[in-house]
Amino acid sequence: MDPIRVIRGMRDLLPEQTRWWRWMEQRLDGVMDRYGYAEIRTPVLEHTGLFARSIGQETDIVAKEMYTFADRDGSSLSLRPEGTAAVVRSFIENNLGKKEPLHRLFYRGPMFRHERPQKGRYRQFYQLGAELFGSAHPSADVEIIEVAVGCLQAIGLTDFSLELNTQGCPVCRPGYREQLTAYLREHERQLCTDCRRRLASNPLRVLDCKQAACTAVAEAAPHLLDHACDDCRQQFDQVRAGLEKLGIGGRLNHRMVRGLDYYNRTTFELLAAGLGAQNAVAGGGRYDGLVESMGGIPTPAVGFAAGLDRIVLLLEQQVAEPERPPLLFIAAQPGYWLETLPLLQQLRQAGFTAVNDVRQGSFKSQLKRADRLGARLVLLLGQDEIEQGTVTIKDMQAPSDSERKQWQVERGGLLQEIGGFLER
Ligand code: AMP
């Protein structure tokens, strides 16, 4: 019988990978703590309408990429393709904005999009996102961008760039949309089929189409910033001034539009070298109208999401291996396994990583296992040790057994001896 395989575009993260993930997640959580962002966890399943209403019916994500199915009662459910929609739903549902106007929230978890899988693009992928509710001031935009940049810096990544744009607001965007549509109509014949369709439904999306012919048309398209109202322009200038103060800078990319309809004003992306085509590691922006349009009290907001799968790919290329805690391995002469139990317990209670060979084979096979696992120290319990109340410590650092030093210590002084030895 053929074994069942993992679903296309989804993958297992094995221990070789999860040690990078855990290392990264700890540091990213630290960044969130330092900026005062509290964690929110929402379900991976939501009513399909949530995403259609927030992300936009016409976006690729909603129109083509969602995992949608009927629940047993016939209602339409979808696996979340991104995090903001659910956070906004929860923000409204739990009346968070009524209790306190300003909220800093972050989330982390799997997202699902039925995209064409390739390196750095999966159908189940992981995001860390932060949302700052309750401020329309440019200092909130600056903070969110600073947090996104801080996440990459906290894990030692330096080779990335920031791109910025503004999406305007309901005052200035309609005028720009008209100008853009008129320009695109003049070049309609050069556009790909998707973009010709987008011309009617979502002309801004033509600007970031990856097809060469569309890119050429988009290069010469009118810029939103040139048509932005005074408020949007001022907002954007102040965001840039704030970033400048922090030494973050950023490049203006007139063609950057994001794949979700809810953005207004500031949008940004962090792009990293070394990832090929999938070089966006984080993206976000302001979404002032979303909370109200989803039935909440008007609440300006700004946020970002970072792609953790891509960040791990970068870590594996660019950062020295995360350290593992030293492993202590208990080997006991056959027949003495019961004696190992309190010893293991004592070591773990003292905070050490301690294991044994639960198959309880010969002394020799236990030592082989310790070697394979990369144990730093082996603690030997034979008849002599048990009769004398001692433990023999074997230093596994040297590559060959004949060079490995071993010495005996009293049981009572064992923890201190190991602690002192490992600190050296
Ligand atoms: P978005 O929610 O589309 O703004 O994406 C935010 C970030 O999530 C991107 O910059 C990517 O790093 C990451 N991302 C989006 N889609 C995928 C995917 N299919 N596979 C892996 N990472 C993704």
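The values are calculated or read from the model by the stated rules, or taken from the named source; none is laboratory data. Note that the structure is a prediction, hence the values are computed from the model and not measured. Cβ: placed from backbone, ideal geometry, glycine included. Neighbour counts: every protein chain shown. These area figures cover heavy atoms from the full protein model, side chains too; ligands, DNA and RNA do not enter into them. Shrake-Rupley method; radii C 1.70, N 1.55, O 1.52, S 1.80 Å.
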Exercise for review: Report whether or not Pro81 is out of contact with any Pro (no Cβ under 9 Å at 6 or more places or on another chain), within 10 Å of the ligand (Cβ to nearest atom) and closer than 23 Å to Val281 by Cβ.
Suggested key: yes
Review point. What are the residues in the stretch 290-300 that are surrounded by fewer than 21 Cβ atoms within 10 Å (Cβ to Cβ) and either free of Cβ contacts under 8 Å to residues at least 12 places away in the same chain or touching a Gly at 6+ places or on another chain (Cβ under 6 Å) (or both), if any?
Key: Glu292, Ile297, Pro298
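Residue-by-condition table, conditions (1) open to solvent by less than 20 Å² (accessible area, probe 1.4 Å); (2) over 17 Å from the mean Cα position of the chain (by Cα); (3) of a type in the set (Asp, Glu):
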| residue | (1), (2), (3) |
| --- | --- |
| Ile4 | no, yes, no |
| Thr18 | no, no, no |
| Met32 | yes, no, no |
| Val44 | no, no, no |
| Ala63 | no, yes, no |
| Met66 | no, yes, no |
Review point. With respect to the numbered conditions (1) among the hydroxyl-bearing types (Ser, Thr, Tyr); (2) modelled with pLDDT of 95 or more; (3) within 12 Å of the ligand (Cβ to nearest atom), which one is the sole condition not fulfilled by Tyr263?
Key: (2)
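Residue-wise test of (1) open to solvent by less than 30 Å² (accessible area, probe 1.4 Å); (2) at pLDDT 95 or above; (3) within 13 Å of the ligand (Cβ to nearest atom); (4) of a type in the set (D, E, K, R).
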site: Leu275; (1), (2), (3), (4): yes, no, yes, no
site: Gln278; (1), (2), (3), (4): yes, no, yes, no
site: Arg286; (1), (2), (3), (4): yes, yes, no, yes
site: Val302; (1), (2), (3), (4): yes, yes, no, no
site: Ala306; (1), (2), (3), (4): yes, yes, yes, no
site: Arg310; (1), (2), (3), (4): no, yes, yes, yes
site: Leu314; (1), (2), (3), (4): yes, no, yes, no
site: Gln317; (1), (2), (3), (4): no, no, no, no
site: Ala320; (1), (2), (3), (4): no, no, no, no
Revision key, fill the gap. Scanning the stretch 96-107 residue by residue, those part of a strand (DSSP E or B) and in contact with a helix residue (DSSP H, G or I) (Cβ under 7 Å, 6 or more places away or on another chain) turn out to be His103, Leu105, Phe106, Tyr107
Review point. If only one of Ala218, Ala241 is away from the ligand (no atom under 16 Å from the Cβ) and either open to solvent by 20 Å² or more (accessible area, probe 1.4 Å) or part of a strand (DSSP E or B) (or both), which one is it?
Key: Ala241
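Which residue is surrounded by the fewest Cβ atoms within 10 Å (Cβ to Cβ), if the candidates are limited to the stretch 70-95 and must be outside any loop (DSSP other than H, G, I, E, B) and out of contact with any helix residue (DSSP H, G or I) (no Cβ under 9 Å at 6 or more places or on another chain)?
Pass one, the stretch 70-95, residues outside any loop (DSSP other than H, G, I, E, B): 70, 76-79, 84-93.
Pick out the ones that are also out of contact with any helix residue (DSSP H, G or I) (no Cβ under 9 Å at 6 or more places or on another chain) and you get 70, 79, 87, 93.
Working: Ala70: 10, Leu79: 21, Val87: 24, Glu93: 12.
Only one residue tops the list, namely Ala70.
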Exercise for review: Could you tell me whether any residue of the stretch 166-187 is under 25 Å from Gly276 (Cβ atoms), within 16 Å of the ligand (Cβ to nearest atom) and in contact with a strand residue (DSSP E or B) (Cβ under 7 Å, 6 or more places away or on another chain)?
Suggested key: no
Point to revise | Identity of the residue in the stretch 197-215, of a type in the set (S, T, N, Q) and open to solvent by 30 Å² or more (accessible area, probe 1.4 Å), that ends up nearest to Arg286 (Cα to Cα) | key: Ser201
Practice item. Would you mind telling me which numbered condition in (1) within 9 Å of the ligand (Cβ to nearest atom); (2) in contact with a Lys or Arg (Cβ under 9 Å, 6 or more places away or on another chain); (3) at pLDDT 95 or above Gly120 fails? Key: (3)
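Would you check if Leu271 is within 16 Å of the ligand (Cβ to nearest atom), at pLDDT below 95 and within 28 Å of the chain's Cα centre (by Cα)? Steps first, please.
On the way: within 16 Å of the ligand (Cβ to nearest atom): yes; at pLDDT below 95: no; within 28 Å of the chain's Cα centre (by Cα): yes.
No, not satisfied.
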Check your understanding: Among the residues of the stretch 244-254, which ones are within 16 Å of the ligand (Cβ to nearest atom) and in contact with a helix residue (DSSP H, G or I) (Cβ under 7 Å, 6 or more places away or on another chain)?
Key -> Gly250
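In the stretch 354-376, what residues are assigned to a loop (DSSP other than H, G, I, E, B), of a type in the set (A, V, I, L, M, F, W, C) and open to solvent by less than 60 Å² (accessible area, probe 1.4 Å)? Talk me through it step by step, then tell me what you get.
From the stretch 354-376, those assigned to a loop (DSSP other than H, G, I, E, B) are 357-362, 374-376; that's our starting set.
Then drop every residue that is not of a type in the set (A, V, I, L, M, F, W, C), which leaves 358, 375.
The one that is assigned to a loop (DSSP other than H, G, I, E, B), of a type in the set (A, V, I, L, M, F, W, C) and open to solvent by less than 60 Å² (accessible area, probe 1.4 Å): Ala375.
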Exercise for review: Quickly run through the stretch 7-58 and pick out the residues that are among the hydroxyl-bearing types (Ser, Thr, Tyr), in a helix (DSSP H, G or I) and over 17 Å from Leu308 (Cα atoms).
Suggested key: Thr48, Ser54
Check your understanding: Looking at Gly109, Gly97, Gly129, which is the one that is within 16 Å of the ligand (Cβ to nearest atom), small (Gly, Ala, Ser) and in contact with a Gly (Cβ under 7 Å, 6 or more places away or on another chain)?
Key -> Gly129
